[in-house]
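Every number in this text was worked out from the coordinates using simple rules, so none of it is lab data. No experiment lies behind these values; they were computed from the predicted model shown. Virtual Cβ from ideal backbone geometry, glycine too; neighbours counted across all protein chains shown.
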Amino acid sequence: MNTFQESLAQAAHLVAVMDPMLLSIVGRSLAVSSSACIVGTVLGLVLGAWLGVARFPARGALVTVLNTFLAVPSVVVGLVVYLLLSRSGPLGFLGWLFSFQAMVLAQVLLVLPVCTALTRQVVQDADDANGEQLRSLGAGGVLRSLLLAFDERFALLTVLLACFGRAISEVGAVMIVGGNIDGYTRVMTTAIALETSKGDLPLALALGVILLSVVLALNAAIALLARWRGAHAEGIVLAGAPA
């Protein structure tokens, strides 16, 4: 039996027996990413919906900056958060560096532009299609953004799933601001990097399988939502068709 087969067998055993260290890392990773997504998506949905219907002179420049942030490497975000939270930084008094809160903050900054940009595009497309009718009925910007966001709720659910996938698969920022401390700030991605460098392939493989399973489940959920949205829209059209 070669090294890969042995490592794979041991990884399967760790998953099967629900190894306490494995469960601790997975639970911490899910907690960090879930917390970041709750904060980041709430802010992103509000900002994106507003940008989708707002019209002001600097809007184009703001959208360009927002789209630029989509391509910012996670290590750069981690560096910025590190400088903010370091002892000499403006937020150093919080004492968050190398903590759960620091990792959540870093992932919020990664999720926020993704959620805002995608929500803005969804709401803007809906506004281009139906905004004139809402305006003719007297709906203001805030009411229009709320109605359009509700109407596009299936698409926005897909945005939320994509944001969670972005958060849970990130490694650079949480490695920098969390420090990858065993039993405290070690999450799935940072543990995979560390255990692979140490040669502990069974644990790295077990974590990799779980992480891939989470990402696969997210993509399956996105596909199901897209299919459900299509079937829902088709049902509405058929229901409204003349007999």
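Share of pairwise Cα-Cα distances greater than 27 Å in the chain is 47 percent (whole percent).
For the stretch 111-140 and the stretch 1-54, write down the distance between their C-alpha centroids in whole Å. The two parts, judged by their Cα centres, are 31 Å apart.
Assuming charge only on the beta carbon of Lys and Arg (+1) and of Asp and Glu (-1), the dipole of the chain about its Cα centre is about 500 debye to the nearest 20. The residue list Val15, Ala155, Val108 was ranked by how far each Cα lies along the charge dipole of the chain toward its positive end, using unit charges on Cβ atoms, and Val108 comes out on top. With the convex hull constructed from alpha-carbon coordinates only, the stretch 43-155 shows a mean projected area of 8.6 nm² over all directions.
Footprinting exposure proxy ranking of Met175, Met21, Met188, fewest other C-beta atoms within 10 angstrom first, gives Met21, Met175, Met188.
With each label modelled as a point 7 angstrom along the Cα→C-beta vector, the Leu43-Leu157 pair spans 2.6 nm.
Two tests apply to each whole DSSP H helix in the chain, Cα reach of 27 Å or more along its axis and mean Kyte-Doolittle hydropathy of at least 1.6, and the ones passing both are 20-53, 201-240. Taking a ≥ b ≥ c as the square roots of the eigenvalues of the Cα gyration tensor, an a/c ratio of 1.5 or more together with a/b larger than b/c marks the stretch 117-199 as prolate.
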